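The values are calculated or read from the model by the stated rules, or taken from the named source; none is laboratory data. Note that the structure is predicted; figures quoted are calculated from it, not measured. Cβ placement follows ideal geometry from the backbone for every residue including glycine, while neighbour counts extend to all protein chains displayed. Areas reflect the complete protein model, heavy atoms only, side chains present, ligands, DNA and RNA absent. Shrake-Rupley method; radii C 1.70, N 1.55, O 1.52, S 1.80 Å.
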Amino acid sequence: MTSVLLTGFEPFGGDAVNPSGDAVRAVAASWVGPERLVTAVLPVSFAAAADELERLVAAHSPDVLIAAGLAGGRDGITPERVAVNLADARIPDNDGDQPMDAAVVAGGPDARFTGLPVKAIVAELTARGIRSSLSTTAGTYVCNAVFYRATHLTAARPGLRAGFIHVPYATESAPEGAPSLPAATIAEALAIACRVALATPADLKVAGGSLH
């Protein structure tokens, strides 16, 4: 059976909630198939998140892997295009680890590209009235590390397509003045992304770059 692995993250950086983890739980509660959906909320830890991601992929052999995380300050859903082999943490992770100028995977390529149809995902979300745009930087924190690890795993698993989607704060729990989307909209967006990834083996050939 075709399967999707969808992950989010636990809270970090002093936040009480993480909308990516909450959205993943909401998608799990409403998913009706026919594809099998496996979900998990990962720890915000460079080491533990990598270990859990590898365990989940080995246990469930998904066809599509979508990891999601919070990008506070962004105002929409932003599928990521490029993961870099760099861990440079501005703040410690939830285990107190704070790597600086370190490789995510020793000896790995400097960057890896998403395997998701990110332009098709943005197009579908936009058509449904959900703010969305492509992003070419996933940062250098745990989100990027999980993105890089996810795409790194595809090298040994032909047929696995993996990528990362950043989400904004949820309106219900956003800091005052921060851009956000309703929690239900974030969950809807991740469910749509799963559906588009399953239905779209090759991405759209449309302009999606930026000038800066």
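Residues in the stretch 148-161: is at least one farther than 21 Å from GLU10 by Cα, touching a His at 6+ places or on another chain (Cβ under 7 Å) and buried (at least 17 other Cβ atoms within 10 Å of the Cβ)? Checked the stretch 148-161: no residue is farther than 21 Å from GLU10 by Cα, touching a His at 6+ places or on another chain (Cβ under 7 Å) and buried (at least 17 other Cβ atoms within 10 Å of the Cβ). For first residues located in the stretch 51-71 and touching a residue at least 40 places away in the same chain (Cβ under 8 Å) and under 15 Å from VAL4 (Cα atoms), partners that are among the basic types (Lys, Arg) and assigned to a helix (DSSP H, G or I) and lie 6+ apart or on another chain with Cβ distances below 7 Å form the pairs LEU53/ARG149.
Counting just the residues of the stretch 110-126 that are under 25 Å from LEU204 (Cβ atoms) and out of contact with any Lys or Arg (no Cβ under 9 Å at 6 or more places or on another chain), which one comes out most open to solvent (accessible area, probe 1.4 Å)?
Taking the stretch 110-126 first, the residues under 25 Å from LEU204 (Cβ atoms) are 111-126.
With the extra rule that they be out of contact with any Lys or Arg (no Cβ under 9 Å at 6 or more places or on another chain), the set shrinks to 111-112, 120-123, 126.
Numbers: ALA111: 43, ARG112: 52, ALA120: 11, ILE121: 0, VAL122: 22, ALA123: 46, THR126: 79 Å².
Filtering first and then ranking leaves THR126.
Of all residues in the stretch 80-98, those that are over 10 Å from VAL142 (Cα atoms) have Cβ atoms under 6 Å from Cβ atoms of residues that are open to solvent by 60 Å² or more (accessible area, probe 1.4 Å) and β-branched (Val, Ile, Thr), 6 or more apart or on another chain, in ARG81/THR136; VAL82/THR136.
Looking only at residues that are of a type in the set (Val, Ile, Thr) and part of a loop (DSSP other than H, G, I, E, B) in the stretch 127-147, which one is least open to solvent (accessible area, probe 1.4 Å)?
Initial filter on the stretch 127-147 (of a type in the set (Val, Ile, Thr)): 130, 136-137, 140, 142, 146.
From the residues that got through so far, the ones that are part of a loop (DSSP other than H, G, I, E, B) too are 130, 136-137, 140.
Details: ILE130: 10, THR136: 87, THR137: 78, THR140: 47 Å².
The selected residue is ILE130.
All conditions in (1) more than 14 Å from CYS194 (Cα to Cα); (2) touching a Ser or Thr at 6+ places or on another chain (Cβ under 8 Å) hold for GLY72, with the sole exception of (2).
Is it the case, given these coordinates, that ASP93 is open to solvent by less than 30 Å² (accessible area, probe 1.4 Å) and of a type outside the set (Val, Ile, Thr)? When the stated conditions are applied, ASP93 passes them.
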